[in-house]
Amino acid sequence: MNTMKVNVVTPDGPVYESDVEMVSTKAQTGELGIMPGHIPMVAPLQIGAVRLKKGGNTEFVAVSGGFLEVRPDTVTVLAQTAEKSDNIDVERAMRAKERAEQRLREKQQENVDFRRAELALQRAINRISIAQGKL
Ligand code: ATP
C-alpha cells in the first residue's frame, strides 16, 4: 500500500506521527484530501478534525486551526493545538463549551469579546464531536 509520513505538531511538541494512506481535513477553502504523490502545497486549516486513514482504520486528531504542508512523501500539520481523539478530556470540553455559551449570552450586558467566545465554543464542540465519534 502506498503511504506517506504524516506529522501533527504544535508549539508544545509533536502530537501524532505515522505512515498513512490518506489525510483529510477542513482547509479554509473547503474539504481537503491528500494522498501519496500529491503536489507540494500549503493550506490554512479551520478548527476541525484531521482524519488519518491506514490499513482500513481511521484515526482522528482534533486541531484548532493552523497549516497543512504537503512535501514529497511527507505531510506536516502545524496546529495551534492538537489532541488525538483518545486524549480528549470530554468533561473539560463540556465545561469550556458552557463557559463560551455563557459569555455569548452575556454579550449584550457586558463588553464581551464575541469572536473569542465563538472560537472557544467551536474548539469545544469540535473536541466533543471527535471524542464521541460524531463527525
Ligand atoms: P480550556 O478553556 O478548557 O483550556 P481552550 O479551548 O481554551 O479550552 P486551548 O487554548 O485550545 O484550550 O488549548 C490549551 C491546551 O489545552 C492545548 O495544549 C490543548 O491541546 C489542551 N486542551 C484543551 N482542551 C482540551 C481537552 N478538552 N482535552 C484535552 N486537551 C485539551
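General observations
- Filter result for ILE130 (touching a strand residue (DSSP E or B) at 6+ places or on another chain (Cβ under 7 Å), within 12 Å of the ligand (Cβ to nearest atom) and at pLDDT 95 or above): yes
- Summed over the stretch 79-109, the residues that are more than 14 Å from the ligand (Cβ to nearest atom) and closer than 24 Å to MET35 by Cα give a count of 0.
- Only one of VAL75, VAL61 that is over 15 Å from ILE125 (Cα atoms), crowded, with 19+ Cβ neighbours inside 10 Å and either of a type in the set (S, T, N, Q) or modelled with pLDDT of 95 or more (or both): VAL75
- Selection within the stretch 13-58 - under 19 Å from ASN87 (Cβ atoms), in contact with a Ser or Thr (Cβ under 8 Å, 6 or more places away or on another chain) and more than 16 Å from the ligand (Cβ to nearest atom): VAL20, ARG51, LEU52, LYS54
The values are calculated or read from the model by the stated rules, or taken from the named source; none is laboratory data. Worth saying up front: this structure is predicted, and the values here are computed from it rather than measured. Ideal geometry is used to build each Cβ from the backbone, glycine not excepted, and the neighbour counts take in all protein chains shown.
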